[in-house]
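The structure appears below as structure tokens.
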Amino acid sequence: MSMIEFNHVGKYYGDFHALKDINLEVDAGETVVLIGPSGSGKSTLIRTINGLEPIQEGHLIVNDYDLADNKTDMNKIRKDVGMVFQHFNLYANKTVLENLMLAPRKVLKMDEAENKENAMKLLEKVGLVDKAEKMPSSLSGGQQQRIAIARSLAMKPKALLFDEPTSALDPEMINDVLNLMKSIAEDSDMTMLVVTHEMGFAKEVADRVIFMAEGEILEDTPTAQFFEKPKEKRAQQFLSQIKH
Ligand SMILES: Nc1ncnc2c1ncn2[C@@H]1O[C@H](COP(=O)(O)OP(=O)(O)OP(=O)(O)O)[C@@H](O)[C@H]1O
């Protein structure tokens with residue numbers, strides 16, 4: 001069953017055509033990695049999925065809602081589609097535990113005891129139970145990102161979008177975050193779209209790789225095949241320029 005479906009989607013920033021005739025289907029439970037040169041539209045594409053960027057052409061169906069329809073309630077989509085950003089975006093003036101409990105309380109109206117139990121379980125999953133009462137600023141970048149992922153999971157989403165989740169981290173923190181993402185991809189029926197430059201993660205975890213250039217999808221290829229021999233010359237060049 002398809003969880004996300006782009007149908008001839010176009011997106012403009014003013015006159016600039018940032019996404020061109022995007023056609024893409026992601027099934028429930030799939031893990032898809034988006035790669036491509038800087039400025040190719042990867043962030044823009046995933047930001048359209050939870051409505052952070054509006055589209056101007058085509059249809060984008062997420063969890064059965066059409067984002068091109070202005071009657072669609074974005075809150076319904078954001079409830080089921082979480083997003084993890086490069087710079088974590090935790091609530092700076094709330095404790096780690098409160099960061100996890102806020103949205104389930106406000107949006108899902110979750111019972112307080114259940115909310116806390118759920119949050120503590122997630123802190124255990126990300127290995128940070130001892131940080132529950134700390135403020136985010138007292139944690140390392142890698143720890144903050146694991147909290148941000150736990151916060152997304154607290155909403156029990158159907159899909160998670162990751163926009164370069166390890167790009168702002170010191171090298172020694174990157175693997176903790178990638179391992180957590182890998183366990184989410186493996187443990188659950190979560191649908192995951194990940195923009196990343198971490199080719200090791202893509203190789204190991206992705207079902208498919210999407211290669212973008214200049215606002216277009218040039219390749220949508222099963223992972224092993226992509227890394228063995230990408231079809232497009234641009235993708236071959238891209239891979240030969242980066243370590244993988
Ligand atoms: N808010 C905006 N207003 C105008 N142009 C924008 C805006 N956001 C992005 N762009 C432009 O759209 C294009 C695609 O940007 P986007 O951030 O989606 O690329 P990307 O592939 O994610 O790049 P990177 O790997 O560098 O993050 C770029 O040319 C960028 O300058």
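Karplus-derived 3J(HN,Hα) values for region 158-168, using 6.51 cos²θ - 1.76 cosθ + 1.60 with θ = phi - 60°, are 8, 9, 10, 10, 10, 10, 6, x, 10, 5, 9 Hz; glycine and proline are entered as x. Within the same chain, aspartates and glutamates fewer than 8 places from Lys125 are excluded, and of the rest, those with a Cα less than 19 Å from its Cα are Glu98, Glu114, Glu117, Glu133, Asp176, Glu186, Asp187, Asp189.
Given the Cα-Cα distance of Asp207 and Leu52 and 0.36 nm per residue of separation, how much length would full extension add, in nm? Walk me through the intermediate numbers first.
On the way: separation 155, 0.36 × 155 = 55.80 nm, distance 2.52 nm.
Separation in residues times 0.36 nm, less the Cα-Cα distance, equals 53.3 nm.
Distant-in-sequence amide contacts of Ala213, defined by a placed amide H-H separation under 5 Å and a gap of 5 or more residues or a different chain, comprise Leu218. When you restrict to C-alpha pairs under 8 Å that are six or more residues apart and normalise by the size of region 2-243, the relative contact order lands at 27 percent. Solvent exposure of region 84-226 amounts to 44 Å² per residue of accessible area, where only protein heavy atoms count and the probe is 1.4 Å. For the listed residue pairs Lys42/Lys229; Lys134/Lys156; Lys11/Lys106, the alpha carbons are over 25 angstrom apart in Lys11/Lys106. Computed extension gain for Met74 through His87, at 0.36 nm per residue and net of the alpha carbon distance, reaches 2.4 nm.
Each Lys or Arg adds one and each Asp or Glu takes one away; over the other residues whose Cβ falls under 9 Å from the Cβ of Leu45, this sums to +2. Restricting the trypsin sites (Lys or Arg not before Pro) of region 159-243 to loop positions (DSSP other than H, G, I, E, B) with no more than 16 neighbouring Cβ atoms within 10 Å leaves Lys231, Lys243.
GNM on the chain, alpha-carbon springs under 10 angstrom: the most fluctuating residue among Leu19, Leu218, Leu193 is Leu218.
Taking every Cα-Cα distance in the chain and sorting them into 5 Å bins from zero, the calculated P(r) comes out as 1, 6, 14, 17, 19, 17, 13, 8, 4, 1, 0 percent.
State which entries of Lys20/Lys203; Lys109/Lys158; Lys94/Lys158; Lys203/Lys233 exceed 23 angstrom in Cα-Cα distance in the structure shown. From Lys20/Lys203; Lys109/Lys158; Lys94/Lys158; Lys203/Lys233, over 23 Å: Lys20/Lys203; Lys94/Lys158. Surface composition of the chain: carbon and sulfur make up 47 percent of the accessible area, probe 1.4 Å.
The values are calculated or read from the model by the stated rules, or taken from the named source; none is laboratory data. Quick caveat, the model's predicted, so the values are computed rather than measured. As a convention, Cβ positions derive from the backbone with ideal geometry for all residues, glycine included, and neighbour counts pool all protein chains shown. These area figures cover heavy atoms from the full protein model, side chains too; ligands, DNA and RNA do not enter into them. Shrake-Rupley method; radii C 1.70, N 1.55, O 1.52, S 1.80 Å.
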